[in-house]
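These notes concern the structure reproduced below.
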There are 2 protein chains.
Amino acid sequence: MTYRDASGRRLTDYPRPSVAVDAAVLTLTDAGLAVLQVRRQDGGGWSLPGTFLHEGERLIDAVQRALRTKAGVDGLRPRQLGVFDDPHRDDRGWVLSVAHADLVPPAQLEARERLWTRVVPVTAPGRLPYDHAEIIRRAVSDARRRYAEHPDPDHLLPETFTLRELRLVHEAVAGHPLQRDTFRRAVEPLLVPTGATVVRGPGRPAELFERAES
Amino acid sequence: MTYRDASGRRLTDYPRPSVAVDAAVLTLTDAGLAVLQVRRQDGGGWSLPGTFLHEGERLIDAVQRALRTKAGVDGLRPRQLGVFDDPHRDDRGWVLSVAHADLVPPAQLEARERLWTRVVPVTAPGRLPYDHAEIIRRAVSDARRRYAEHPDPDHLLPETFTLRELRLVHEAVAGHPLQRDTFRRAVEPLLVPTGATVVRGPGRPAELFERAES
DNA sequence: TAAATAGTGTCTCTCAGACACTATGTC
DNA sequence: GACATAGTGTCTGAGAGACACTATTTA
(Lines give C-alpha, C1' and ligand atoms only; values in the text may rest on other atoms or scores of the structure.)
Protein backbone atom coordinates (compact mmCIF):
# COMPACT_ATOMS: atom_id res chain seq x y z
CA MET A 1 0.00 0.00 0.00
CA THR A 2 1.04 3.56 -0.57
CA TYR A 3 0.90 6.17 2.14
CA ARG A 4 0.26 9.76 1.24
CA ASP A 5 0.70 12.84 3.32
CA ALA A 6 -1.61 15.82 3.72
CA SER A 7 -0.70 17.21 0.30
CA GLY A 8 -1.38 13.83 -1.32
CA ARG A 9 2.28 13.22 -2.00
CA ARG A 10 3.83 9.85 -1.43
CA LEU A 11 6.67 9.64 1.02
CA THR A 12 9.09 8.83 -1.76
CA ASP A 13 8.10 11.94 -3.70
CA TYR A 14 10.02 14.10 -1.27
CA PRO A 15 13.67 14.70 -1.93
CA ARG A 16 15.62 13.26 0.94
CA PRO A 17 18.90 14.41 2.47
CA SER A 18 21.88 12.23 2.97
CA VAL A 19 22.37 11.65 6.66
CA ALA A 20 25.83 11.37 8.13
CA VAL A 21 27.17 10.79 11.61
CA ASP A 22 30.33 12.29 13.08
CA ALA A 23 31.99 11.40 16.36
CA ALA A 24 34.24 13.34 18.68
CA VAL A 25 36.01 10.58 20.59
CA LEU A 26 37.85 12.15 23.50
CA THR A 27 40.49 10.58 25.67
CA LEU A 28 43.07 11.62 28.24
CA THR A 29 46.72 12.23 27.43
CA ASP A 30 49.55 13.80 29.39
CA ALA A 31 48.51 17.07 27.78
CA GLY A 32 44.90 16.74 28.94
CA LEU A 33 41.80 16.07 26.88
CA ALA A 34 42.53 14.98 23.34
CA VAL A 35 40.41 14.01 20.37
CA LEU A 36 40.68 11.20 17.83
CA GLN A 37 41.00 12.29 14.19
CA VAL A 38 41.30 10.40 10.90
CA ARG A 39 42.93 11.35 7.62
CA ARG A 40 40.55 12.78 5.07
CA GLN A 41 40.08 10.59 2.03
CA ASP A 42 40.00 13.44 -0.44
CA GLY A 43 43.36 15.11 -0.27
CA GLY A 44 45.13 16.02 2.93
CA GLY A 45 44.05 17.16 6.30
CA TRP A 46 42.27 15.55 9.19
CA SER A 47 38.68 15.25 10.30
CA LEU A 48 36.52 13.56 12.88
CA PRO A 49 35.56 10.00 11.98
CA GLY A 50 32.18 9.87 10.32
CA THR A 51 30.16 8.02 7.73
CA PHE A 52 26.88 8.00 5.90
CA LEU A 53 23.95 6.25 7.48
CA HIS A 54 23.13 2.95 5.78
CA GLU A 55 19.59 1.86 5.02
CA GLY A 56 17.69 0.81 8.11
CA GLU A 57 20.73 1.45 10.29
CA ARG A 58 20.55 3.11 13.70
CA LEU A 59 22.65 6.20 14.26
CA ILE A 60 24.65 4.61 17.05
CA ASP A 61 25.45 1.64 14.81
CA ALA A 62 26.64 3.93 12.04
CA VAL A 63 28.93 5.73 14.49
CA GLN A 64 30.37 2.46 15.72
CA ARG A 65 30.86 1.29 12.12
CA ALA A 66 32.68 4.52 11.27
CA LEU A 67 34.99 4.13 14.24
CA ARG A 68 35.64 0.49 13.44
CA THR A 69 36.31 0.88 9.73
CA LYS A 70 37.96 4.31 9.69
CA ALA A 71 39.94 4.21 12.90
CA GLY A 72 40.12 0.55 13.89
CA VAL A 73 38.48 1.30 17.21
CA ASP A 74 35.74 -0.79 18.77
CA GLY A 75 33.39 -0.99 21.70
CA LEU A 76 32.47 2.68 22.14
CA ARG A 77 29.01 4.01 22.95
CA PRO A 78 28.89 7.64 21.83
CA ARG A 79 26.00 9.88 22.84
CA GLN A 80 24.05 12.15 20.52
CA LEU A 81 24.99 15.83 20.66
CA GLY A 82 22.77 17.36 17.99
CA VAL A 83 22.07 17.77 14.30
CA PHE A 84 24.00 20.10 12.00
CA ASP A 85 21.68 21.03 9.18
CA ASP A 86 23.10 23.91 7.18
CA PRO A 87 22.17 22.89 3.61
CA HIS A 88 25.52 24.20 2.35
CA ARG A 89 27.74 22.76 5.05
CA ASP A 90 28.97 20.00 2.70
CA ASP A 91 29.77 20.90 -0.91
CA ARG A 92 29.10 17.36 -2.04
CA GLY A 93 25.40 17.93 -1.64
CA TRP A 94 22.63 18.09 0.91
CA VAL A 95 23.98 16.32 3.97
CA LEU A 96 22.67 16.44 7.53
CA SER A 97 25.14 15.39 10.18
CA VAL A 98 24.25 14.00 13.57
CA ALA A 99 27.12 14.75 15.93
CA HIS A 100 28.10 12.25 18.63
CA ALA A 101 30.61 12.22 21.46
CA ASP A 102 32.30 9.78 23.80
CA LEU A 103 35.13 9.84 26.32
CA VAL A 104 37.20 6.67 26.69
CA PRO A 105 40.37 5.51 28.44
CA PRO A 106 43.52 5.70 26.31
CA ALA A 107 43.78 1.90 26.28
CA GLN A 108 40.63 1.74 24.20
CA LEU A 109 42.39 3.66 21.43
CA GLU A 110 45.55 1.53 21.60
CA ALA A 111 44.39 -0.73 18.77
CA ARG A 112 43.74 2.18 16.45
CA GLU A 113 45.23 2.34 12.96
CA ARG A 114 48.10 4.74 13.56
CA LEU A 115 48.81 5.46 9.90
CA TRP A 116 45.36 6.92 9.37
CA THR A 117 44.59 8.33 12.77
CA ARG A 118 45.98 10.75 15.30
CA VAL A 119 45.03 11.95 18.78
CA VAL A 120 45.55 15.67 19.34
CA PRO A 121 44.77 18.01 22.25
CA VAL A 122 41.30 19.52 22.07
CA THR A 123 42.89 22.94 22.60
CA ALA A 124 44.75 22.60 19.28
CA PRO A 125 42.58 20.47 17.01
CA GLY A 126 44.10 21.83 13.80
CA ARG A 127 42.13 22.87 10.74
CA LEU A 128 38.99 20.79 10.49
CA PRO A 129 36.27 20.63 7.83
CA TYR A 130 32.53 21.14 8.26
CA ASP A 131 31.40 21.84 11.83
CA HIS A 132 33.96 19.55 13.40
CA ALA A 133 35.55 22.22 15.59
CA GLU A 134 32.15 23.06 17.03
CA ILE A 135 31.42 19.37 17.63
CA ILE A 136 34.63 19.08 19.65
CA ARG A 137 33.72 22.12 21.72
CA ARG A 138 30.33 20.64 22.50
CA ALA A 139 31.85 17.26 23.33
CA VAL A 140 34.26 18.85 25.78
CA SER A 141 31.65 20.93 27.57
CA ASP A 142 29.34 17.91 27.70
CA ALA A 143 32.08 15.81 29.30
CA ARG A 144 32.90 18.58 31.78
CA ARG A 145 29.29 18.96 32.80
CA ARG A 146 28.91 15.23 33.40
CA TYR A 147 32.19 14.90 35.32
CA ALA A 148 31.18 17.84 37.52
CA GLU A 149 28.14 15.85 38.61
CA HIS A 150 29.37 12.28 39.02
CA PRO A 151 32.64 10.49 39.81
CA ASP A 152 34.19 9.19 36.58
CA PRO A 153 30.88 8.49 34.78
CA ASP A 154 32.71 7.32 31.64
CA HIS A 155 34.82 4.72 33.44
CA LEU A 156 38.18 6.16 32.51
CA LEU A 157 39.46 4.37 35.62
CA PRO A 158 39.21 0.64 36.38
CA GLU A 159 36.70 -0.83 38.82
CA THR A 160 38.70 0.22 41.88
CA PHE A 161 40.82 3.33 42.29
CA THR A 162 42.24 5.67 44.89
CA LEU A 163 40.85 9.13 45.49
CA ARG A 164 44.08 10.57 44.13
CA GLU A 165 43.65 8.74 40.85
CA LEU A 166 40.04 9.87 40.65
CA ARG A 167 40.98 13.47 41.33
CA LEU A 168 43.72 13.51 38.69
CA VAL A 169 41.22 12.26 36.12
CA HIS A 170 38.67 14.89 37.09
CA GLU A 171 41.31 17.61 36.96
CA ALA A 172 42.34 16.52 33.48
CA VAL A 173 38.73 16.61 32.27
CA ALA A 174 37.96 19.91 33.96
CA GLY A 175 41.16 21.47 32.68
CA HIS A 176 42.09 22.97 36.04
CA PRO A 177 43.27 21.71 39.46
CA LEU A 178 40.75 20.73 42.13
CA GLN A 179 41.17 21.15 45.86
CA ARG A 180 42.20 17.83 47.42
CA ASP A 181 40.12 17.90 50.62
CA THR A 182 37.06 19.52 49.09
CA PHE A 183 37.09 17.03 46.24
CA ARG A 184 37.28 14.14 48.65
CA ARG A 185 34.34 15.31 50.73
CA ALA A 186 32.28 15.93 47.59
CA VAL A 187 32.74 12.52 45.95
CA GLU A 188 33.23 10.16 48.91
CA PRO A 189 29.48 9.87 49.61
CA LEU A 190 29.04 8.72 46.00
CA LEU A 191 31.63 5.95 46.27
CA VAL A 192 31.82 2.55 47.96
CA PRO A 193 34.89 1.91 50.13
CA THR A 194 36.48 -1.50 49.61
CA GLY A 195 38.52 -1.53 52.81
CA ALA A 196 41.61 -2.50 50.83
CA THR A 197 44.58 -0.13 50.64
CA VAL A 198 47.37 0.16 48.13
CA VAL A 199 50.73 1.83 47.97
CA ARG A 200 51.55 3.62 44.74
CA GLY A 201 54.81 5.49 45.15
CA PRO A 202 55.76 7.40 48.28
CA GLY A 203 53.29 8.43 50.92
CA ARG A 204 50.73 6.84 53.16
CA PRO A 205 48.79 3.94 51.60
CA ALA A 206 45.50 5.00 50.04
CA GLU A 207 42.16 3.27 50.30
CA LEU A 208 40.61 1.77 47.18
CA PHE A 209 37.07 2.78 46.24
CA GLU A 210 34.47 1.51 43.78
CA ARG A 211 31.72 3.40 41.98
CA ALA A 212 28.27 3.11 43.53
CA GLU A 213 25.88 0.66 41.87
CA SER A 214 23.59 2.49 39.50
CA MET B 1 31.84 16.84 -10.91
CA THR B 2 30.95 13.76 -8.99
CA TYR B 3 32.16 13.15 -5.48
CA ARG B 4 32.79 9.62 -4.35
CA ASP B 5 33.29 8.31 -0.86
CA ALA B 6 35.89 5.86 0.44
CA SER B 7 34.14 2.87 -1.13
CA GLY B 8 33.96 4.67 -4.47
CA ARG B 9 30.22 5.15 -4.26
CA ARG B 10 28.62 8.38 -5.27
CA LEU B 11 26.67 10.21 -2.62
CA THR B 12 23.44 9.53 -4.45
CA ASP B 13 24.09 5.80 -4.51
CA TYR B 14 23.23 5.57 -0.85
CA PRO B 15 19.62 5.07 0.11
CA ARG B 16 18.51 8.08 2.11
CA PRO B 17 15.98 8.30 4.94
CA SER B 18 13.09 10.68 4.99
CA VAL B 19 13.71 13.29 7.66
CA ALA B 20 10.85 14.70 9.66
CA VAL B 21 10.60 17.27 12.40
CA ASP B 22 8.19 17.20 15.34
CA ALA B 23 7.56 19.95 17.85
CA ALA B 24 6.32 19.90 21.41
CA VAL B 25 4.99 23.42 21.86
CA LEU B 26 4.29 23.97 25.54
CA THR B 27 2.31 26.76 27.11
CA LEU B 28 0.78 27.63 30.46
CA THR B 29 -2.86 27.04 31.31
CA ASP B 30 -4.78 27.16 34.56
CA ALA B 31 -3.96 23.47 34.88
CA GLY B 32 -0.23 24.04 34.47
CA LEU B 33 2.00 23.10 31.55
CA ALA B 34 0.08 22.05 28.45
CA VAL B 35 1.07 20.94 24.99
CA LEU B 36 -0.24 21.83 21.54
CA GLN B 37 -1.55 18.91 19.48
CA VAL B 38 -3.03 18.63 15.98
CA ARG B 39 -5.52 16.16 14.51
CA ARG B 40 -3.91 13.30 12.63
CA GLN B 41 -4.60 13.32 8.92
CA ASP B 42 -5.01 9.57 8.62
CA GLY B 43 -8.02 8.68 10.73
CA GLY B 44 -8.62 9.93 14.23
CA GLY B 45 -6.43 10.76 17.13
CA TRP B 46 -3.99 13.55 17.88
CA SER B 47 -0.28 14.04 17.46
CA LEU B 48 2.40 16.67 17.80
CA PRO B 49 2.68 18.97 14.81
CA GLY B 50 5.36 17.80 12.42
CA THR B 51 6.31 17.63 8.78
CA PHE B 52 8.85 16.30 6.37
CA LEU B 53 11.92 18.32 5.67
CA HIS B 54 11.86 19.97 2.24
CA GLU B 55 14.86 20.10 -0.03
CA GLY B 56 17.52 22.51 1.16
CA GLU B 57 15.37 23.53 4.12
CA ARG B 58 16.74 24.08 7.60
CA LEU B 59 15.22 22.08 10.43
CA ILE B 60 14.04 25.17 12.28
CA ASP B 61 12.31 26.40 9.14
CA ALA B 62 10.55 23.07 8.68
CA VAL B 63 9.33 23.22 12.26
CA GLN B 64 8.01 26.74 11.80
CA ARG B 65 6.34 25.70 8.53
CA ALA B 66 4.67 22.77 10.27
CA LEU B 67 3.36 25.01 13.03
CA ARG B 68 2.15 27.59 10.56
CA THR B 69 0.41 25.23 8.14
CA LYS B 70 -0.83 22.59 10.56
CA ALA B 71 -1.73 24.68 13.57
CA GLY B 72 -1.95 28.24 12.31
CA VAL B 73 0.70 29.36 14.77
CA ASP B 74 3.58 31.67 13.93
CA GLY B 75 6.70 33.26 15.33
CA LEU B 76 8.05 30.42 17.46
CA ARG B 77 11.70 29.43 17.76
CA PRO B 78 11.81 25.81 18.95
CA ARG B 79 15.07 24.26 20.12
CA GLN B 80 16.42 20.88 19.03
CA LEU B 81 15.92 18.06 21.52
CA GLY B 82 17.36 15.07 19.67
CA VAL B 83 16.92 12.58 16.86
CA PHE B 84 14.62 9.57 17.01
CA ASP B 85 16.04 6.98 14.67
CA ASP B 86 14.36 3.63 15.22
CA PRO B 87 14.05 2.36 11.61
CA HIS B 88 10.62 0.92 12.43
CA ARG B 89 9.20 3.84 14.36
CA ASP B 90 7.08 4.86 11.35
CA ASP B 91 5.29 2.15 9.36
CA ARG B 92 5.24 4.37 6.28
CA GLY B 93 8.92 3.75 5.79
CA TRP B 94 12.35 4.79 6.96
CA VAL B 95 11.82 8.10 8.73
CA LEU B 96 14.15 9.89 11.10
CA SER B 97 12.53 12.50 13.28
CA VAL B 98 14.27 15.47 14.84
CA ALA B 99 12.35 16.47 17.95
CA HIS B 100 12.01 20.15 18.89
CA ALA B 101 10.51 22.01 21.80
CA ASP B 102 9.40 25.50 22.71
CA LEU B 103 7.52 27.18 25.54
CA VAL B 104 5.38 30.19 24.65
CA PRO B 105 2.82 32.45 26.31
CA PRO B 106 -0.81 31.41 25.77
CA ALA B 107 -1.42 34.53 23.67
CA GLN B 108 0.88 33.16 21.02
CA LEU B 109 -1.46 30.20 20.55
CA GLU B 110 -4.58 32.37 20.44
CA ALA B 111 -4.59 32.49 16.64
CA ARG B 112 -4.43 28.72 16.30
CA GLU B 113 -6.90 26.79 14.18
CA ARG B 114 -9.19 25.45 16.88
CA LEU B 115 -10.93 22.86 14.72
CA TRP B 116 -7.70 21.01 14.09
CA THR B 117 -5.75 21.69 17.24
CA ARG B 118 -6.05 21.31 20.99
CA VAL B 119 -3.98 22.22 24.04
CA VAL B 120 -3.95 19.54 26.73
CA PRO B 121 -2.07 19.19 30.03
CA VAL B 122 1.29 17.49 29.69
CA THR B 123 0.27 15.16 32.51
CA ALA B 124 -2.54 13.74 30.36
CA PRO B 125 -1.38 13.97 26.75
CA GLY B 126 -3.70 11.20 25.53
CA ARG B 127 -2.69 8.42 23.17
CA LEU B 128 0.02 9.66 20.84
CA PRO B 129 1.76 8.02 17.88
CA TYR B 130 5.48 7.46 17.37
CA ASP B 131 7.71 8.78 20.14
CA HIS B 132 5.57 11.80 20.82
CA ALA B 133 4.98 11.02 24.49
CA GLU B 134 8.73 10.82 25.02
CA ILE B 135 9.24 14.09 23.17
CA ILE B 136 6.80 15.80 25.53
CA ARG B 137 8.60 14.39 28.57
CA ARG B 138 11.91 15.70 27.29
CA ALA B 139 10.40 19.08 26.45
CA VAL B 140 9.04 19.41 29.97
CA SER B 141 12.26 18.47 31.71
CA ASP B 142 14.20 20.76 29.39
CA ALA B 143 11.92 23.68 30.25
CA ARG B 144 12.17 22.91 33.97
CA ARG B 145 15.93 22.79 33.84
CA ARG B 146 16.14 26.14 32.06
CA TYR B 147 13.62 27.84 34.34
CA ALA B 148 15.52 26.59 37.38
CA GLU B 149 18.56 28.50 36.14
CA HIS B 150 17.19 31.78 34.79
CA PRO B 151 14.19 34.01 35.39
CA ASP B 152 11.59 33.41 32.66
CA PRO B 153 14.08 32.62 29.87
CA ASP B 154 11.26 31.99 27.39
CA HIS B 155 9.57 35.37 27.94
CA LEU B 156 6.25 34.01 29.09
CA LEU B 157 5.84 37.37 30.82
CA PRO B 158 5.95 40.83 29.19
CA GLU B 159 8.97 43.13 29.45
CA THR B 160 8.12 44.23 32.98
CA PHE B 161 6.53 42.17 35.70
CA THR B 162 6.23 41.88 39.45
CA LEU B 163 8.06 39.25 41.46
CA ARG B 164 4.73 37.64 42.24
CA GLU B 165 3.94 37.21 38.56
CA LEU B 166 7.39 35.79 37.95
CA ARG B 167 7.05 33.36 40.81
CA LEU B 168 3.64 32.11 39.68
CA VAL B 169 5.07 31.38 36.23
CA HIS B 170 8.04 29.53 37.69
CA GLU B 171 5.76 27.52 39.96
CA ALA B 172 3.59 26.54 37.01
CA VAL B 173 6.62 25.39 35.00
CA ALA B 174 8.20 23.58 37.95
CA GLY B 175 4.91 21.92 38.85
CA HIS B 176 5.24 22.70 42.53
CA PRO B 177 5.08 25.79 44.79
CA LEU B 178 8.19 27.85 45.49
CA GLN B 179 9.01 29.69 48.69
CA ARG B 180 8.21 33.39 48.30
CA ASP B 181 11.17 34.93 50.13
CA THR B 182 13.75 32.41 48.96
CA PHE B 183 12.60 32.82 45.37
CA ARG B 184 12.89 36.59 45.60
CA ARG B 185 16.43 36.48 46.95
CA ALA B 186 17.46 33.98 44.29
CA VAL B 187 16.19 35.89 41.25
CA GLU B 188 16.42 39.54 42.29
CA PRO B 189 20.17 39.78 41.51
CA LEU B 190 19.34 38.62 37.97
CA LEU B 191 16.71 41.31 37.40
CA VAL B 192 16.74 45.05 36.83
CA PRO B 193 14.44 47.13 39.06
CA THR B 194 12.46 49.80 37.21
CA GLY B 195 11.51 51.87 40.25
CA ALA B 196 7.87 51.86 39.15
CA THR B 197 5.26 50.14 41.27
CA VAL B 198 1.86 48.74 40.35
CA VAL B 199 -1.22 47.67 42.22
CA ARG B 200 -2.81 44.46 41.00
CA GLY B 201 -5.63 43.52 43.37
CA PRO B 202 -5.37 43.82 47.12
CA GLY B 203 -2.14 44.22 48.98
CA ARG B 204 0.83 46.54 49.01
CA PRO B 205 1.93 47.83 45.57
CA ALA B 206 4.67 45.73 44.00
CA GLU B 207 7.76 46.92 42.19
CA LEU B 208 8.11 46.20 38.49
CA PHE B 209 11.25 44.45 37.25
CA GLU B 210 12.83 43.81 33.86
CA ARG B 211 15.03 40.95 32.72
CA ALA B 212 18.75 41.71 32.66
CA GLU B 213 20.26 42.52 29.27
CA SER B 214 21.87 39.41 27.80
C1' DT C 1 65.39 12.22 58.57
C1' DA C 2 63.29 14.41 54.51
C1' DA C 3 59.80 14.22 51.28
C1' DA C 4 55.45 12.81 49.66
C1' DT C 5 50.94 11.44 50.02
C1' DA C 6 46.39 10.13 52.82
C1' DG C 7 42.98 11.40 55.79
C1' DT C 8 40.67 14.61 58.87
C1' DG C 9 39.63 18.70 62.13
C1' DT C 10 38.11 23.19 61.94
C1' DC C 11 37.11 27.96 60.69
C1' DT C 12 34.74 31.06 57.60
C1' DC C 13 31.56 32.45 54.16
C1' DT C 14 27.66 31.78 51.45
C1' DC C 15 23.26 30.36 50.65
C1' DA C 16 18.81 27.80 50.91
C1' DG C 17 15.01 27.11 53.86
C1' DA C 18 12.01 28.67 57.22
C1' DC C 19 9.68 31.84 60.26
C1' DA C 20 8.28 36.23 61.45
C1' DC C 21 7.82 40.95 61.34
C1' DT C 22 6.73 45.51 59.17
C1' DA C 23 4.64 48.18 55.18
C1' DT C 24 0.84 49.37 52.30
C1' DG C 25 -2.75 48.52 49.51
C1' DT C 26 -8.26 46.78 48.77
C1' DC C 27 -12.79 45.61 50.57
C1' DG D 1 -10.83 46.88 60.89
C1' DA D 2 -10.05 42.49 58.29
C1' DC D 3 -7.45 40.72 54.84
C1' DA D 4 -4.08 40.20 51.28
C1' DT D 5 0.20 41.02 49.32
C1' DA D 6 5.20 43.22 49.29
C1' DG D 7 9.47 43.50 51.22
C1' DT D 8 12.93 42.39 54.69
C1' DG D 9 15.34 40.80 59.19
C1' DT D 10 17.12 36.88 61.16
C1' DC D 11 18.07 32.18 62.65
C1' DT D 12 19.67 27.58 61.35
C1' DG D 13 21.84 24.00 58.91
C1' DA D 14 24.40 22.34 54.88
C1' DG D 15 28.13 22.75 52.16
C1' DA D 16 32.25 24.84 49.58
C1' DG D 17 36.75 26.73 50.17
C1' DA D 18 40.81 27.13 52.64
C1' DC D 19 44.30 26.10 56.06
C1' DA D 20 46.51 23.10 59.03
C1' DC D 21 47.38 19.13 61.52
C1' DT D 22 48.24 14.08 62.13
C1' DA D 23 49.31 9.42 59.93
C1' DT D 24 52.04 6.39 57.12
C1' DT D 25 54.74 5.25 53.57
C1' DT D 26 59.38 5.64 50.30
C1' DA D 27 64.06 7.08 49.56
From the list B:Leu168, B:Leu178, exactly one residue is closer than 30 Å to B:Ala23 by Cβ and outside any helix (DSSP H, G or I). Which is it? B:Leu178
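Condition test on A:Val119, is it under 19 Å from the mean Cα position of the chain (by Cα) and at pLDDT 95 or above?
Yes: the conditions hold for A:Val119.
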Can you pull out the residues in the range A:181-196 that are near DNA strand C (Cβ under 9 Å from one of its atoms) and either within 14 Å of chain B (Cβ to nearest Cβ) or not in a helix (DSSP H, G or I) (or both)? A:Pro193
Here is a list of conditions, (1) free of Cβ contacts under 8 Å to residues at least 60 places away in the same chain; (2) not in a helix (DSSP H, G or I), and B:Gln37 meets all of them except one; can you say which number that is? (1)
Screening B:Arg112, B:Arg146, B:Arg137, B:Arg164 for residues that are surrounded by 13 or more Cβ atoms within 10 Å (Cβ to Cβ), more than 18 Å from B:Ala31 (Cβ to Cβ) and under 17 Å from the mean Cα position of the chain (by Cα) leaves only B:Arg146
From the list B:Arg144, B:Arg112, B:Arg127, which one is in contact (Cβ under 8 Å) with a residue 40 or more places away in the chain and over 22 Å from B:Asp74 (Cβ atoms)? B:Arg127
Please enumerate the residues belonging to the range A:59-93 that are within 12 Å of another protein chain (Cβ to nearest Cβ), in a loop (DSSP other than H, G, I, E, B) and over 15 Å from B:Val98 (Cβ atoms). A:His88, A:Arg89, A:Asp90, A:Asp91, A:Arg92, A:Gly93
In the range B:174-196, which residues are closer than 16 Å to B:Gly32 by Cβ and either surrounded by 13 or more Cβ atoms within 10 Å (Cβ to Cβ) or touching a Ser or Thr at 6+ places or on another chain (Cβ under 6 Å) (or both)? B:Ala174, B:Leu178
Filter the range B:40-58 for residues that are within 30 Å of B:Glu171 (Cβ to Cβ) and assigned to a strand (DSSP E or B); which is nearest to the other protein chains (Cβ to nearest Cβ)? B:Ser47
Only residues that are surrounded by 11 or more Cβ atoms within 10 Å (Cβ to Cβ), touching a residue at least 12 places away in the same chain (Cβ under 8 Å) and either within 8 Å of DNA strand C (Cβ to nearest atom) or assigned to a strand (DSSP E or B) (or both): list them for the range A:197-214, please. A:Val198, A:Ala206, A:Glu207, A:Leu208, A:Phe209, A:Glu210, A:Arg211
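Does A:Glu171 satisfy being surrounded by fewer than 12 Cβ atoms within 10 Å (Cβ to Cβ), under 24 Å from the mean Cα position of the chain (by Cα) and more than 30 Å from A:Thr51 (Cβ to Cβ)?
Taking the combined requirement at face value, the residue does not satisfy it.
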Within the range B:98-109, is even one residue within 12 Å of chain A (Cβ to nearest Cβ), over 30 Å from B:Glu171 (Cβ atoms) and modelled with pLDDT of 95 or more? yes
Breaking point among (1) touching a residue at least 40 places away in the same chain (Cβ under 8 Å); (2) within 16 Å of DNA strand D (Cβ to nearest atom); (3) assigned to a helix (DSSP H, G or I), for A:Arg138: (2)
Could you figure out which of (1) more than 16 Å from DNA strand D (Cβ to nearest atom); (2) touching a Leu at 6+ places or on another chain (Cβ under 6 Å) isn't true of A:Glu171? (1)
Considering B:Asp181, B:Asp154, which residue is more than 8 Å from DNA strand D (Cβ to nearest atom), acidic (Asp, Glu) and not assigned by TED's automatic domain parsing to the domain that holds B:Val104? B:Asp154
Is it fair to say B:Leu157 is part of a loop (DSSP other than H, G, I, E, B), within 30 Å of B:Thr123 (Cα to Cα) and free of Cβ contacts under 8 Å to residues at least 12 places away in the same chain? no
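The values are calculated or read from the model by the stated rules, or taken from the named source; none is laboratory data. Everything numeric here is computed off the predicted structure, so don't read it as measured data. Cβ sites come from the backbone with ideal geometry, for glycine too, and all protein chains shown count toward neighbours.
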